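So the structure is just underneath, and the comments pick up after that.
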């Protein structure tokens, strides 16, 4: 059934907590499964993708107890154990890519599978460097399923052609099991949660600009507190910026500079955004974000080194650009074509349905602003959770009601989305 976006409100107001960061949740449970002893994870994500990582860590032998209020205890002897069935990564590319690096260095065989969407996503970007390290991986033409056979890994120096935290994390995790010093260089610095957490857990890891090195290491257990997800916060940030009279506060949001590119873009576009109460939690910068309606948003160019720091937020940034004066140009974002959908094509297609003046380019899009979005149409998320939420926010400012096909896919990353946005509606 198509989902209709309710428009029976005047503006957004209030203070909410955004659900836990998914990227850190993945890493917390996976790394804890490799640590000898008991790790405690507070505020673990309920989204389907991190829950997939949790389930597979259980499959591989970690003793995981889920207590109330998303409090998790992970007990391990520091080793993984063979699982006699396929390891189903469902829709989670993070799960598949991070675990591929770890499983490549084990003394047993594994098979990683995924759903139809994940099976279309490119895995050659991890298979190539892992093979150079000595991994034995069979694939379906560089796509899942991935059959990873036991092998002895050796260190390499690898220069990645793309800035991808998933690829980087995969190779660094393989480096935990490789002989020698593994060196990974990327063209721009992608999100660095892996480096921060591994260092906190005792890994011999060092970063110098865009190059990270790691040596064979044994991880120590850690108490990890997970804060709000900036990628999930992005939808609320844009909503408050473009809905007249709105003013909201988002509590305890991760502000890691390798993730928070959307804040830089909002400021560049003359958005009214303020960071409050900064603090450090588990080596990561965290704070509250206050956002107010910004009628004087201005278009800009978004390209180069900032792209990896906001790659997941580009669909909702494109929506914001439709309400900004002048033109916004997004470039160097070709990796959007390798997400759950071709996010360049689908974002352009669906915003056009609403009346946006937006054009697709090879590596991004061009958006003309100050457009009144019409609505009165049925849009499609193409089973992409981020596009579904972008279309929902668009439906809050269209002249007429819109409906969204496949809206239920928001459960992949943000099952609490509609409840939270409804809680802010005044009216």
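Of these, 350, 408, 422, which one is under 26 Å from residue 299 (Cβ atoms) and outside any loop (DSSP other than H, G, I, E, B)? Give the derivation first.
Details: 408 fails: under 26 Å from residue 299 (Cβ atoms); 422 fails: under 26 Å from residue 299 (Cβ atoms).
Step by step, each of 350, 408, 422 is checked, and only 350 is under 26 Å from residue 299 (Cβ atoms) and outside any loop (DSSP other than H, G, I, E, B).
Looking for something within 30 Å of residue 143 (Cβ to Cβ), more than 17 Å from the chain's Cα centre (by Cα) and crowded, with 24+ Cβ neighbours inside 10 Å - is there at least one such residue anywhere in the stretch 1-22?
Within the stretch 1-22, none of the residues are within 30 Å of residue 143 (Cβ to Cβ), more than 17 Å from the chain's Cα centre (by Cα) and crowded, with 24+ Cβ neighbours inside 10 Å.
Go through 119, 110 for me and flag whichever is at pLDDT 95 or above and within 22 Å of residue 408 (Cα to Cα).
On the way: 110 fails: within 22 Å of residue 408 (Cα to Cα).
Just a single option satisfies the conditions, and that option is 119.
For the stretch 282-298, which positions are within 19 Å of residue 244 (Cβ to Cβ), in contact with a helix residue (DSSP H, G or I) (Cβ under 7 Å, 6 or more places away or on another chain) and either touching a residue at least 60 places away in the same chain (Cβ under 8 Å) or in a strand (DSSP E or B) (or both)? It would help to see each step written out before you state the result.
Kept after step one, since they are within 19 Å of residue 244 (Cβ to Cβ), are these residues of the stretch 282-298: 290-298.
Keeping just the survivors that are in contact with a helix residue (DSSP H, G or I) (Cβ under 7 Å, 6 or more places away or on another chain) gives 291-294, 297.
291, 292, 293, 297 - these are the residues of the stretch 282-298 that are within 19 Å of residue 244 (Cβ to Cβ), in contact with a helix residue (DSSP H, G or I) (Cβ under 7 Å, 6 or more places away or on another chain) and either touching a residue at least 60 places away in the same chain (Cβ under 8 Å) or in a strand (DSSP E or B) (or both).
Whether any residue in the stretch 7-17 is outside any strand (DSSP E or B), touching a helix residue (DSSP H, G or I) at 6+ places or on another chain (Cβ under 8 Å) and modelled with pLDDT under 95 is what I want to check.
Step one: of the stretch 7-17, the residues outside any strand (DSSP E or B) are 7-10.
In the following step, the residues that additionally are touching a helix residue (DSSP H, G or I) at 6+ places or on another chain (Cβ under 8 Å) were identified as 7.
The next check asks that each one be modelled with pLDDT under 95; those that pass are 7.
Yes - at least one qualifying residue is present in the stretch 7-17.
Within the stretch 53-63, is even one residue within 15 Å of the chain's Cα centre (by Cα) and surrounded by 16 or more Cβ atoms within 10 Å (Cβ to Cβ)? Give the steps one after another, and end with the answer.
Filtering the stretch 53-63 down to residues within 15 Å of the chain's Cα centre (by Cα) leaves 53.
In the following step, the residues that additionally are surrounded by 16 or more Cβ atoms within 10 Å (Cβ to Cβ) were identified as 53.
Checked the stretch 53-63: at least one residue is within 15 Å of the chain's Cα centre (by Cα) and surrounded by 16 or more Cβ atoms within 10 Å (Cβ to Cβ).
If we scan the stretch 379-386, do we find a residue that is touching a residue at least 60 places away in the same chain (Cβ under 8 Å) and either in a helix (DSSP H, G or I) or touching a helix residue (DSSP H, G or I) at 6+ places or on another chain (Cβ under 6 Å) (or both)?
Yes - at least one qualifying residue is present in the stretch 379-386.
Report whether or not residue 279 is at negative phi, surrounded by fewer than 23 Cβ atoms within 10 Å (Cβ to Cβ) and part of a loop (DSSP other than H, G, I, E, B).
Values: at negative phi: yes; surrounded by fewer than 23 Cβ atoms within 10 Å (Cβ to Cβ): yes; part of a loop (DSSP other than H, G, I, E, B): no.
Here the answer is no, as residue 279 does not meet what is asked.
If you take the residues of the stretch 114-133 that are without any contact (Cβ under 8 Å) to a residue 40 or more places away in the chain and surrounded by fewer than 18 Cβ atoms within 10 Å (Cβ to Cβ), which of them is farthest from residue 88 (Cα to Cα)? Step through it out loud before you land on a result.
From the stretch 114-133, those without any contact (Cβ under 8 Å) to a residue 40 or more places away in the chain are 114-116, 118-120, 123-124, 127-128, 131-132; that's our starting set.
Narrowing further to those that are surrounded by fewer than 18 Cβ atoms within 10 Å (Cβ to Cβ): 115-116, 119-120, 124, 128, 131-132.
On the way: 115: 8, 116: 12, 119: 11, 120: 15, 124: 19, 128: 22, 131: 22, 132: 25 Å.
Step by step, filter the stretch 114-133, then rank; the result is 132.
For the stretch 76-121, enumerate the residues that are over 14 Å from residue 58 (Cβ atoms), under 16 Å from the mean Cα position of the chain (by Cα) and not in a loop (DSSP other than H, G, I, E, B).
Selection gives 93, 94, 96, 97, 98, 118.
The values are calculated or read from the model by the stated rules, or taken from the named source; none is laboratory data. Since we're looking at a predicted model, the values are computed, not measured. Positions of Cβ are backbone-derived with ideal geometry, glycine not excepted, and every protein chain shown enters the neighbour counts.
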